[in-house]
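The values are calculated or read from the model by the stated rules, or taken from the named source; none is laboratory data. Worth saying up front: this structure is predicted, and the values here are computed from it rather than measured. In this analysis, Cβ positions are derived from the backbone assuming ideal geometry, glycine residues included, and neighbour counts consider all displayed protein chains. To get the accessible areas, we keep the full protein, side chains included, count just its heavy atoms, and leave off ligands, DNA and RNA. Shrake-Rupley method; radii C 1.70, N 1.55, O 1.52, S 1.80 Å.
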Amino acid sequence: MSAAPTGRPRDPRIDSEVLAVTREMLVRDGWDGLSMRAIAARAGVGRAALTRRWPSKAHLVLDALLGSAPDLSPYDGIDRKGWIEWVVAGSNELFSRPEVRAALPGLLAALRDHEDLRNALWRTFSGPSTALFTEDGGEDAELDARAALVMAAGTALFTGLIAAEDDTPALRERILHLLLTIAE
């Protein structure tokens, strides 16, 4: 029998309010204009409530943008081809969101500087989805899944930030076509 948790129970409304405020403030103020103190004030919670839940601004922003665990429901009942199609579509959708675009410059720097956060992000979001791809796969299935994930997310990030004038449906379709060769 485990001991009862100490302290007050965690209020889930605080989490949802803080995450919504974080997304709003990212769009309005950008990464540089975002602070834990400003988020706490706008969400009507104490700064201590934030730091108990999220140890840094980067942790909070990642949770606001991605959630604490990947949503695997888009992968229900799909084959390897469908997996790749969803990874490409999901990556494009993610990197086109205004709050993600606003967070990227600062978030990329934070991830560069914090190996623990970067590694946790990769493990949390690549592991479960690549495991779905590798079911009934050959010996290279895990590497193929990770490669497809890196290429899909990388191209979505690059076209969204740098090659925006070339981010056309035709280019996205060609990228998908090239990545689908992994499923063959």
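Looking at 118, 123, 146, which one is open to solvent by 30 Å² or more (accessible area, probe 1.4 Å) and closer than 22 Å to residue 102 by Cβ?
118
Of everything in the range 155-179 that is under 24 Å from residue 133 (Cβ atoms) and of a type in the set (D, E, K, R), the residue that is least open to solvent (accessible area, probe 1.4 Å) is 172. Against the numbered list (1) at pLDDT 90 or above; (2) open to solvent by 30 Å² or more (accessible area, probe 1.4 Å), residue 140 comes up short only at (1). Within the range 11-23, is even one residue touching a Lys or Arg at 6+ places or on another chain (Cβ under 6 Å) and either over 30 Å from residue 145 (Cβ atoms) or modelled with pLDDT under 90 (or both)? Checked the range 11-23: at least one residue is touching a Lys or Arg at 6+ places or on another chain (Cβ under 6 Å) and either over 30 Å from residue 145 (Cβ atoms) or modelled with pLDDT under 90 (or both).
For the range 88-105, the criterion of being in contact with a Pro (Cβ under 9 Å, 6 or more places away or on another chain) and either closer than 22 Å to residue 24 by Cα or not charged (D, E, K, R) (or both) is satisfied by at least one residue.
On the basis of being in a helix (DSSP H, G or I), among the small types (Gly, Ala, Ser) and more than 30 Å from residue 178 (Cα to Cα), does residue 48 make the cut?
So residue 48 fits the description; yes.
Conditions tested, residue by residue: (1) among the charged types (D, E, K, R); (2) modelled with pLDDT of 95 or more; (3) under 16 Å from the mean Cα position of the chain (by Cα).
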site: 30; (1), (2), (3): no, yes, no
site: 41; (1), (2), (3): no, yes, no
site: 49; (1), (2), (3): no, no, no
site: 55; (1), (2), (3): no, no, no
site: 94; (1), (2), (3): no, no, yes
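Residues in the range 57-78 that are modelled with pLDDT of 90 or more and open to solvent by 40 Å² or more (accessible area, probe 1.4 Å) were compared, and the one that is farthest from residue 94 (Cα to Cα) is 57.
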